[in-house]
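**Q** First the structure, then my questions, so here it is.
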Amino acid sequence: MKKNLIFIIIILGLVLSLSVFFVSKNQPQDGVLLKESQIENPSTNEDQIEEITKTFDLQHLNEILKNVPPLKEVSLEQVLKDEMFSSLQCSPYSGFLIKGSCSPRYKYNDLIIDEESFKIIAKYLTCHEGNDYSSFYVLYDKNDQPSLICSIPAQYEIVQGSLGRGDFRNQFVQLSENSLPSLVFIVYNTETQKYHLVFNNQLSKPYDGLDFLTVSPNKKHLAYGVKENDKWYMILDGKRSGPFDEIHYQYHPDGPITDDPIEDVVFSPNSKIFAYFTTTDGQMSLRLNFQNIEFEREESNLDNIKFANGTVLFPRGEAIKFSPDSQKIALIIKSQEEGRNRSFVVSNNYFSNPYNDSLEAFFTPDGKYLVQIVSQDQKTSIFLNGQEVKTITYNYPLSPLGGRLALFLKLNSLEGDEYYLIEQNGETKIFLPSNYSLQDFSEKIVYLTQENEKVYSIVVNNQKIDQLDFSVFYNKYREDADIVLYFSSNGIFYRYLPRLSEDGQKIVYPVIENNQLFIKENGQKIASLGKATEVEIMTMVISPDAHRLAVITSFENDLKSRWDLNIFADGNLLATYSNDSPYHYDTDQLIFSPDSQHIAYLVSKGNGNTLMVDGQEIVHYSMFYNFKFSEDNQKIIYLALKDNLVIREEKDLK
């Protein structure tokens, strides 16, 4: 009897040991990357949400928004625990040896920084030894020192997402106050052709598609869309909504890497509401957190949606706009009827007329008004809360290339509120009078009209004031002239466009007369730069106070070549800094200090770049990512590449 009992205990022990072995074999381990073949039929562990469905009510849209239960703060590490099935190999950075040589992936996308504090969050590295390539990312601590390095397996590529729509720049979350920020990005497995989320140094289970990666402004909420069996799901703080036939996204003509903000899947400024559009079984909906707001469908055609005073045919949600205080919302919905793309603006108790693609919509800084800027048929109309308050008619056809260059306007609402609007270089800003001191206001409307193939007129307030004559470049570059002038955003045409100061009071532009290149300020010549066949303008920058102007030029003839930086103060030459070729200035990075008294720029040399301030050398590195002046104008702060990593340093100005 005693022997039988011992035998039974031994058998039970073996069974228990085997059970523990098989369970532990399939659990993620620190520093171990499991193969996808080890995860049979990855389970859906996110909480499936039973969404509340409501009917869209145009008259009470803001009330619908206010009644949405706000997102609660959660432990992202905990709620996404079941989503992750393997850990990346990470080690303390100190003492870690990277084999081979490393290079930046892409100058502006391999560095993650906190834009407000200018602090370094992380750095991506691509390294190679012979034919072997490896990828890493390095996390930095609060003192801008490298702390942790993690390896990305060779079969994984960092991507924008399966739709190519995402933007992984500055995508990180803060798990706790004292923890290192956690990078969040999407990778594609080239062997299995599946997508994964990388979060908290771990790899998620595989998906057929993964996109719409979005982090809240306070860095405490995370959302992303996944595709399974041809259906999309949205995962918000670990909770899953869906399935959907489609999650709407905005098409960017410049591709996924763009400076334009992502506005189709967004968090509110206070991080309490997450909003996006979906379509399921032909029904388009607006989703606010876990509430499904269904639009009323047209009875004769269920693909269309209707409002009290209009119908949108074949609708597609294009953009979602929140007011700065997160209390109001506006939607841009596009109609795709028979190839004609027309946009409608929808906000509380407001449904706009249809507009073409030239449409901007945003709220004023105080949140009181929804601003719409509509340009079509040689006319620009500006609306505040649906009321047209400004109409600009162009006397001459806008140049297809130059178009409308700049606007500086005062907007008066019907209720008596005042705002200033400035638009240039494709960026529009609204200022409150209290935030913008103007001694004398004068409206400015600046645009180009094309006279012939080589000549453009500069038009200010519908008066032709001067001409840009590019004939000299057709003689200089001959058959390559069109490419040199227009091919890229750095072409001569774009470098020679007029500039408007931030207060709208100064217009600066070049003119060419008898092969001489001049700079004009408000129509008056302030400088002669030399022969137009020998001197080319590379960039022009106006200081914040509008009193100073920086002009970089390149000079070349049969004897020599050089680059000059000319600084003008109130129309007078203040200083010239010259560099003989092959040294030249980086025309993309030239800034004035907040008080306009200092200027910082880069001199590019064969072995790297030198940061200069007011003609004085500050420091030399192989590459600078960014630099700025301190708010008190006493320091220059910069991010530079050193030994494959980025450093942050500050220098006092003399």
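Every read-out reported here was derived from the displayed coordinates using simple, explicitly stated rules and does not represent laboratory data. Source: prediction; values computed, not measured. Here the Cβ positions follow ideal geometry from the backbone for every residue, glycine too, while neighbour counts run over all protein chains shown.
**Q** Any chance you could run the full-extension gain for Gln336 through Glu294? It's 0.36 nm times the residue separation minus the Cα-Cα distance, nm to one decimal.
**A** On the way: separation 42, 0.36 × 42 = 15.12 nm, distance 1.93 nm.
Result: 13.2 nm gained on full extension.
**Q** Can you tally the net charge around Lys142? Count Lys and Arg as +1, Asp and Glu as -1, for every other residue whose Cβ sits under 11 Å from the Cβ of Lys142.
**A** Net of charged neighbours comes to -3.
**Q** Suppose every K and R has +1 on its Cβ and every D and E has -1 on its Cβ; what is the size of the dipole of the stretch 584-654 about the Cα centre, in Debye to the nearest 20? Write out the running numbers ahead of the final one.
**A** Numbers: 7 positive and 11 negative charges, 39 e Å.
So the magnitude is around 180 debye.
**Q** Order by neighbour count: Ser352, Ser578, fewest other Cβ atoms within 10 Å first, most last. Don't jump to the answer; show the numbers that get you there.
**A** Values: Ser352 21, Ser578 13.
By the 10 Å Cβ count, ascending: Ser578, Ser352.
**Q** Starting from the eigenvalues of the Cα gyration tensor, five times each then square-rooted, give me the equivalent ellipsoid semi-axes of the chain, largest first, whole Å.
**A** Working: eigenvalues 492, 258, 94 Å².
Taking √(5λ) for each Cα gyration eigenvalue gives 50, 36, 22 Å.
**Q** Tell me the angle of helix 2-25 to the major Cα principal axis of the chain, expressed in degrees between 0 and 90 and rounded to the nearest ten.
**A** For 2-25 against the chain, the angle is about 10 degrees.
**Q** For the chain, what is the percent of antiparallel DSSP beta bridges, rounded to the nearest 5?
**A** Numbers: 204 of 210 bridges.
Antiparallel bridges make up about 95 percent of those DSSP assigns within the chain.
**Q** While we're on this one: List the relative contact order of the stretch 511-654 as a percent without decimals, with contacts defined as Cα pairs under 8 Å and 6+ residues apart.
**A** Details: 297 pairs, mean separation 16.6, N = 144.
After rounding, I find 12 percent.
**Q** Kindly list the residues of the stretch 310-350 that lie in the label zone of Asn301, defined by a backbone N under 12 Å from the point 7 Å along the Cα-to-C-beta vector.
**A** Of the residues in the stretch 310-350, 311-315, 335-340 have backbone N under 12 Å from the label point off Asn301.
**Q** What distance in nm separates the simple spin-label points at Gln327 and Asn514, each placed 7 Å from Cα in the Cβ direction?
**A** Roughly 6.4 nm, to one decimal.
**Q** Moving on to the next point. With an 8 Å cut-off on Cα pairs and a minimum separation of 6 or more residues, tell me the relative contact order of the stretch 584-654 in percent. Write out the running numbers ahead of the final one.
**A** Values: 134 pairs, mean separation 14.4, N = 71.
Computed over the stretch 584-654, the figure is 20 percent.
**Q** Between Gln59 and Thr391, what length in nm is gained on full extension when 0.36 nm per residue of separation is reduced by their alpha carbon distance?
**A** 116.8 nm
**Q** Another question, if that's okay. Label-point separation (nm) for Tyr494 and Gln616, each offset 7 Å from Cα along Cα-to-Cβ?
**A** For the pair Tyr494/Gln616, the computed spacing is 3.5 nm.
**Q** Averaging sequence separations of C-alpha pairs under 8 Å and six or more residues apart, then dividing by the length of the chain, give the relative contact order as a whole percent.
**A** Numbers: 1406 pairs, mean separation 43.1, N = 654.
It comes to 7 percent, rounded to a whole number.
**Q** Per the Cauchy relation, a quarter of the hull surface: what is the mean projected area of the convex hull of the alpha carbons in the stretch 470-581, in nm²?
**A** Numbers: hull surface 29.0 nm².
The number I arrive at for the stretch 470-581 is 7.3 nm².
**Q** Among the listed pairs Lys142/Lys628; Lys321/Lys429; Lys119/Lys239; Lys220/Lys368, which have their C-alpha atoms separated by more than 23 angstrom in this model?
**A** Numbers: Lys142/Lys628 19 Å; Lys321/Lys429 15 Å; Lys119/Lys239 31 Å; Lys220/Lys368 28 Å.
The pairs that break the limit, which is 23 Å between Cα atoms, are Lys119/Lys239; Lys220/Lys368.
**Q** Applying 1/(1 + (r/R0)^6) with R0 = 22 Å to the Cβ-Cβ distance of Leu401 and Asp377, what FRET efficiency is obtained, to the nearest 0.05? Write down the numbers at each step before the final one.
**A** Working: r = 19 Å, r/R0 = 0.86.
The calculated FRET efficiency here is 0.70.
**Q** Shifting gears a bit: Evaluate the charge dipole of the chain about its Cα centre and quote only its size in Debye, nearest 20, assuming +1 on the Cβ of each Lys and Arg and -1 on the Cβ of each Asp and Glu.
**A** Working: 61 positive and 89 negative charges, 232 e Å.
The dipole magnitude comes to about 1120 debye.
**Q** Determine the sum of side-chain charges near Lys119: Lys and Arg each +1, Asp and Glu each -1, restricted to other residues whose C-beta is under 13 angstrom from that of Lys119.
**A** Spelling it out: positives minus negatives among the neighbours equals -2.
**Q** Oh, and also: Going by average Cβ density within 10 Å per residue, which order do the peptides 598-605, 641-648 take, highest to lowest?
**A** On the way: 598-605: 19.6, 641-648: 17.1.
By packing density, highest mean first, the sequence is 598-605, 641-648.
**Q** Take the alpha carbon atoms of the stretch 555-613, find their center, do the same for the stretch 492-536, and report the distance between the two centers in whole angstrom.
**A** 17 Å
**Q** Please name which of Gly504, Asn218, Asn572 has its Cα lying farthest along the dipole of the chain towards the positive end, using unit charges on Cβ (Lys, Arg +1; Asp, Glu -1) and the Cα centre as origin.
**A** Of the listed residues, the answer is Asn218.
**Q** Turning to a different aspect of this structure: Once label points are set 7 Å from the Cα along Cα→Cβ at both Lys119 and Lys605, what is their separation, rounded to one decimal in nm?
**A** Rounded to a tenth, the inter-label distance reads 3.4 nm.
**Q** With a Förster radius of 22 Å, plug the Cβ-Cβ distance of Lys635 and Asp586 into 1/(1 + (r/R0)^6) and report the FRET value to the nearest 0.05. List each step's numbers first, then the result.
**A** Values: r = 21 Å, r/R0 = 0.93.
In this case the efficiency is close to 0.60.
**Q** Within 14 Å, Cβ to Cβ, of Ile636, how many net charges do the neighbouring residues add up to if Lys/Arg are +1 and Asp/Glu are -1?
**A** Values: positive: Lys628, Lys635, Arg648, Lys651, Lys654; negative: Asp595, Asp614, Glu617, Glu631, Asp632, Glu649, Glu650, Asp652.
Once positives and negatives cancel, what remains is -3.
**Q** Something else about it: Which ordering of Met284, Met623 is given by a fewest-first count of other beta-carbon atoms within 10 Å? Present the calculation step by step, with values, prior to reporting the outcome.
**A** Details: Met284 23, Met623 15.
The most exposed by this proxy come first: Met623, Met284.
**Q** Quickly rank 423-432, 441-450 as a protection proxy: mean count of other C-beta atoms within 10 Å, highest first. Walk me through the intermediate numbers first.
**A** Details: 423-432: 14.5, 441-450: 18.4.
Sorting 423-432, 441-450 by mean packing, highest first, produces 441-450, 423-432.
**Q** Given the Cα atoms of the stretch 584-654, and with Rh set as the inverse mean 1/r over their pairs in the Kirkwood sense, what is Rg to Rh to two decimals?
**A** So for the stretch 584-654, dividing Rg by the Kirkwood Rh gives 0.94.
**Q** Further, regarding this structure: Dipole of the stretch 470-581, Cα-centred, from +1 at each Lys and Arg C-beta and -1 at each Asp and Glu C-beta, to the nearest 20 debye?
**A** Working: 11 positive and 15 negative charges, 28 e Å.
Dipole of the stretch 470-581, to the nearest 20 debye: 140 debye.
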